[in-house]
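I have placed the structure first, in the form of structure tokens, so that the comments after it can refer back to it.
The values are calculated or read from the model by the stated rules, or taken from the named source; none is laboratory data. Everything numeric in this text was worked out from a predicted model, so none of it was measured. Note that we place each Cβ from the backbone using ideal geometry, even for glycine, and neighbour counts take in every protein chain shown.
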Amino acid sequence: MGEGTVALMLVLLDSNIYFSALISPRNLPSRIIHAWRSGRFTLLTCQQQIDEIREASRNPKFRDLFQPHQIGKMLNHLSIVQPFGGNRCRTSMKPPILPTAFCSI
């Protein structure tokens, strides 16, 4: 995309995509994350999803896969994403991925 160009595509990723991207720098999830970081699309997220990733990263099964600094870096990148949905999208879904997307349109 050229300078000053706005990404028109809004993308909401499942939390597992972020973990998969950390496993291998050459897999499809990594390429998706790179496309977002390159400005190819606008990422949608919500605080509940960030909290879910933080909580899941503490699972013992991830200790052998990820270093804490990798998770921290990923969460820092996600924390700069403008959260969508706000309080108008309260839901019992955990995390409220689809309501976040619908409230963002």
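Structure notes:
- Here residue 88 meets each of (1) at pLDDT 90 or above; (2) surrounded by fewer than 15 Cβ atoms within 10 Å (Cβ to Cβ) with one exception, condition (1).
- Within region 34-82, being farther than 21 Å from residue 24 by Cβ, among the aliphatic types (A, V, I, L, M) and either touching a residue at least 60 places away in the same chain (Cβ under 8 Å) or in a strand (DSSP E or B) (or both) holds for one residue alone: 44.
- Complete set of residues in region 28-40 that are exposed (fewer than 13 other Cβ atoms within 10 Å of the Cβ), among the aliphatic types (A, V, I, L, M) and closer than 17 Å to residue 79 by Cα: none
Table: residues versus (1) surrounded by 13 or more Cβ atoms within 10 Å (Cβ to Cβ); (2) of a type outside the set (Ser, Thr, Tyr).
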| residue | (1), (2) |
| --- | --- |
| 12 | yes, yes |
| 24 | no, no |
| 42 | yes, no |
| 47 | yes, yes |
| 50 | yes, yes |
| 53 | yes, yes |
| 63 | no, yes |
| 67 | no, yes |
| 79 | no, no |
